[in-house]
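Chemist: Let me begin by handing over the structure; questions about it come next.
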Amino acid sequence: HGTAYRLDAWTGTLTEVPSRAQGEDTLVPVSLRPGEPAIITLDRSAASGSTAAPVSPELATAVVSRTPQVLAELTHWDITVESWDAGEDEVIEE
C-alpha cells in the first residue's frame with residue numbers, strides 16, 4: 001500500500017492521484033490519450049510528507065508540496081530530444 005503520485009517529467013512536480021488498496025496491492029486507474037506518457041510513483045513510507053488532503057476518485061487531483069530527497073547529485077549529463085511528428089503534408093505524383 002502507498003500513496004500514488006503522477007510525476008510531471010518536465011517540471012518535476014508530483015501530483016497525488018486517486019488510488020485504492022486491494023489486498024496487498026495498490027490500484028491506480030490511469031486513462032491516457034494516444035501517445036500520452038505517464039510516470040506514476042508509489043510512496044510506501046509511513047509518513048509520505050504529503051500536505052494534500054486525501055484524494056478520492058470524485059475529486060480533482062491535489063498538488064503535493066514536499067521537498068524531494070536527493071539520491072544522487074548529477075554533475076554532468078546530456079539530453080537529446082527528438083521530434084517524431086508527421087511534419088508538413090507532401091504531395092507525391094507518379
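Chemist: Do we have any residue at all in the stretch 8-20 that's in contact with a Lys or Arg (Cβ under 7 Å, 6 or more places away or on another chain) and either modelled with pLDDT of 85 or more or not aliphatic (A, V, I, L, M) (or both)?
Modeler: yes
Chemist: So, one more: Would it be correct to say that P57 is touching a Pro at 6+ places or on another chain (Cβ under 7 Å), surrounded by 13 or more Cβ atoms within 10 Å (Cβ to Cβ) and either modelled with pLDDT of 85 or more or more than 30 Å from D85 (Cα to Cα) (or both)?
Modeler: Answer is no for this residue.
The values are calculated or read from the model by the stated rules, or taken from the named source; none is laboratory data. Model, not experiment: these values are computed from the prediction. Using ideal geometry, Cβ is built from the backbone for each residue, glycine included, and neighbour counts are taken over all protein chains shown.
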